[in-house]
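Please read the structure below before turning to the comments.
Readers should treat all values here as calculations from the given coordinates under stated rules, not as data from a laboratory. None of these values were measured; they are calculated from a predicted model. Every residue, glycine as well, gets a Cβ built from its backbone with ideal geometry; the counts of neighbours run over all protein chains shown.
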Amino acid sequence: MSPVPGPTDADHASDPATPPAFSARTAFPARAVVDLDAIADNVRRLRQVAARSEVMAVLKADAYGHGLLPSARAALAGGATWLGVAQLVEAIRLREGLADRTAVTDPPAPRLLTWIFSPGPETHRALVRAIELDIDLSAGSPVALDAVVAAAREVGRPARLHLKVDTGLARGGQFLEPWTAMLADALAHEAAGHVAVVGLWSHLARAEEDDDTTDRQLDVFREALRRADEAGARVQVRHLANSAGTLLRPDTHFDLVRPGLSVFGLSPVPGRSPADLGLTPAMRLEADVMLVKDAPAGQGVSYGHTYTTQRATRLADLPLGYADGIPRHVSGVGPVQVAGRRHTIAGRVCMDQMVLDVGPDSTVSAGDTAVLWGSGRDGEPTAEDWARAAGTISYEIVTRLGARVPRVHVGTAGTAATPPADPTSPTAPDPAPSQKTTA
Ligand SMILES: *Cc1c(COP(=O)(O)O)cnc(C)c1O
């Protein structure tokens with residue numbers, strides 16, 4: 001395969017004296033503009049909502065598609081004191097990335113929790129590195145506990161451990177009885193100096209619904225806390241709430257809340273908009289119109305001709321498709337705004353392209369900016385609108401956005417103490433398009 005410059009290959013000149021031939025980031029015909037100030041404001045809002053708890057910004061999956069490091073710095077600027085990522089390797093990348101650019105004026109290094117790893121020799125080496133980097137680890141099974149203990153023995157210092165109890169999601173963690181046995185093992189390892197059991201935690205199944213599952217999960221969680229107390233555990237943080245718990249259920253807050261989606265300004269609650277919840281969506285997905293042309297009445301459009309023009313009209317071709325994570329399910333239903341008007345995708349979404357029927361009197365021309373989703377403040381569709389069109393949730397819409405779509409970070413939250421951007425970093429702020437997009 002020939003090497004194709006991706007959006008991360010910003011610098012195509014090897015000689016630093018010569019300006020780059022072009023920037024693959026800015027030459028890419030689409031971009032996700034991510035407002036760092038919105039992320040910081042959303043975290044401030046969540047801190048108000050959970051005023052007696054600390055806030056862990058959950059930044060898994062490249063910060064729900066928003067770009068890991070800039071999002072992390074913005075969340076810290078908004079007052080998050082903890083960061084969480086699912087994957088062990090993401091946690092290591094996050095800690096190393098934050099340390100790279102830590103300036104003396106930065107707030108203290110955040111606590112960082114990770115909870116997904118499976119045993120094996122390579123995982124062992126990664127766990128060793130995580131403990132060296134002061135990353136908090138979760139154990140949701142005896143196997144995970146053993147893996148953490150083995151890594152801590154090698155490092156020669158106790159690993160900070162959060163024991164995960166399954167209170168009813170039936171996913172990670174142990175149900176109450178086996179959890180109680182795991183707790184006893186963990187406390188024995190603590191006495192031997194291999195771990196420090198600092199956290200007890202669980203995850204909610206349906207806090208966004210009006211349903212008594214959360215009450216039952218709370219009962220189990222409180223019982224786990226009682227048993228830990230009885231066993232002599234001295235934990236620092238008990239935590240249970242995701243975004244929905246944080247926003248709707250103060251009784252789930254405990255010492256620390258773990259919002260993810262709401263950090264990015266999206267609503268986890270069906271029927272409640274971000275604005276209802278005091279949140280601002282941080283991502284706007286834009287594409288440059290590639291070409292506009294006249295088409296006759298009766299013209300079938302895109303693969304399979306599932307759309308046919310009803311009259312002589314104009315068609316606009318957009319350079320985004322399912323290779324960029326645009327769900328093919330939105331063929332014929334996905335909303336796009338261009339030149340102040342909303343259109344519906346005409347026919348099938350292709351790998352790299354999609355077509356709009358912009359109407360016979362359209363003023364749209366090549367180079368205009370089409371907005372697929374954004375905050376909705378200027379009438380553009382939102383990630384929620386896209387979720388409805390695709391039969392999914394807004395989590396999936398933003399998270400599945402392809403890695404090749406450049407993330408352009410605008411706003412200043414978390415950037416003040418940051419030295420000039422490293423042009424090779426996939427998430428480095430890009431000043432040129434920032435100015436363009438904030439103008
Ligand atoms: C994803 C996740 C969260 C955040 O969930 P949201 O619904 O996005 O707020 C919190 N805790 C755990 C364990 C998670 O996996």
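A few remarks follow.
- Among 294-303, 60-69, sorting by the average number of other beta carbon atoms lying within 10 angstrom of each residue, highest first, gives 60-69, 294-303.
- Here the relative contact order of the chain, from alpha carbon pairs under 8 Å that lie six or more residues apart, stands at 19 percent.
- Sorted by Cβ density within 10 Å, fewest first, the residues 326, 135: 135, 326
- A simple packing score, the average count of other Cβ atoms within 10 Å per residue, orders the peptides 175-184, 191-200 as 191-200, 175-184, with the highest score first.
- Model label zone, residue 81; criterion: amide N under 16 Å from point 7 Å along Cα-to-beta-carbon; scope the stretch 250-289: 253-259
- Helix-derived mean residue ellipticity, 222 nm - over the chain, DSSP H n ≥ 4, -39500 (n - 2.57), to 500: -9000 deg cm²/dmol
- Where both bridge residues fall in the chain, DSSP classifies roughly 45% of the beta bridges as antiparallel.
- Prolate/oblate/rounded label for the stretch 36-264 (Cα gyration tensor, a/c 1.5): oblate
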